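Engineer: Here it is: the structure, laid out below.
Just so it is clear, none of the values below were taken in a lab; they were calculated from the coordinates. Quick caveat, the model's predicted, so the values are computed rather than measured. Neighbour counts run over all protein chains shown; Cβ positions are idealised from the backbone, glycine included.
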Amino acid sequence: MNRRQLTAVLIVIASAVEAPWARHATDVQLRAHQATRVCFFDEGPKDPSFVQFRSRLMTAIKSRSRSQLSEMISSDLHVIDLDTRGMAALDQAFDLRDPQSEFWGEMESVLNLGGRMEKPGFFCAPFLSCLGAATADAMYVVILGSDVPAFDQPNESSSIVARLSCDVLRSASGDGFPEPPGISTLGFTPVYLPSGRWAYVKESLTRSPAWYSAYFEKRRGKWLMVAFVAGD
């Protein structure tokens, strides 16, 4: 299943599940041809105990340690749309014994991208998936950073047609948007500019709010990851 298909699954599941991460996944209306801006923020430091927990979790993720990870997730961890919970759900969705598993890289990205302390003892990451009415639409991406070049063609040797900062832009056709030019975009994300044309941004500098996100809760004085849901 590719990322776009996973997004469709998440939206269907979220509409039927009353959970904080489900509400975030569906609470979105980004307007066509309007470049909303969403800039990085991190409210983790509001709780020093969460900062310590996140640091330990990042160590486990970077070392690809399933055993360390298992100590930091809840027994009822919600993973994508699975009925299984906890580590069994992660093992079912991802091969955690494989250091090349998609989970490790995606989780590292999630932890590096800040987030919001929704309430004392509850944290959502990454920042761009935690914005209520300005959040996840699988057809859009957020530009990660400031003064990011948008190229005429999907290569860095082509001309720069715009400079983008934290913009939220359409990345797929449909709903009145034209098809992007039929060229290979490997390593680049097509984005539809407010000026009415397609351009290309390095894939590493874009992320869809509907991609993977994680939720953490402090239970009996201990932080745990309670959900890892997917989009895109």
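Engineer: Would you mind checking which residues have amide H under 5 Å from L144's amide H? H placed 1.01 Å from N; only 5 or more apart, or other chain.
Structural biologist: T206, R207
Engineer: I would also like to ask the following. So what J values fall out for the range 87-94 if you push phi through Karplus, 6.51 cos²θ - 1.76 cosθ + 1.60 with θ = phi - 60°, rounded to Hz, Gly and Pro as x?
Structural biologist: Per-residue couplings from phi come out as 4, 4, 5, 5, 5, 6, 7, 9 Hz.
Engineer: Pairs K62/K218; K46/K218; K62/K202; K119/K218: which are spaced more than 21 Å apart, C-alpha to C-alpha?
Structural biologist: Cα-Cα > 21 Å for K62/K218; K62/K202; rest within.
Engineer: Then there is this: Output wanted: per-residue J couplings in Hz (rounded whole) for the range 184-191, from phi through Karplus 6.51 cos²θ - 1.76 cosθ + 1.60, θ = phi - 60°, x for Gly and Pro.
Structural biologist: Working through the residues one at a time gives 5, 10, 3, x, 10, 10, x, 9 Hz.
Engineer: Can you list the aspartates and glutamates whose alpha carbon sits under 19 Å from that of K222, skipping same-chain ones fewer than 8 residues off?
Structural biologist: Correct list for K222: E43, D47, E71, D76, E118.
Engineer: Follow-up question, since we're still on this one. Fewest Cβ neighbours within 10 Å first, please rank M72, M107, M139, M58 accordingly.
Structural biologist: M58, M72, M139, M107
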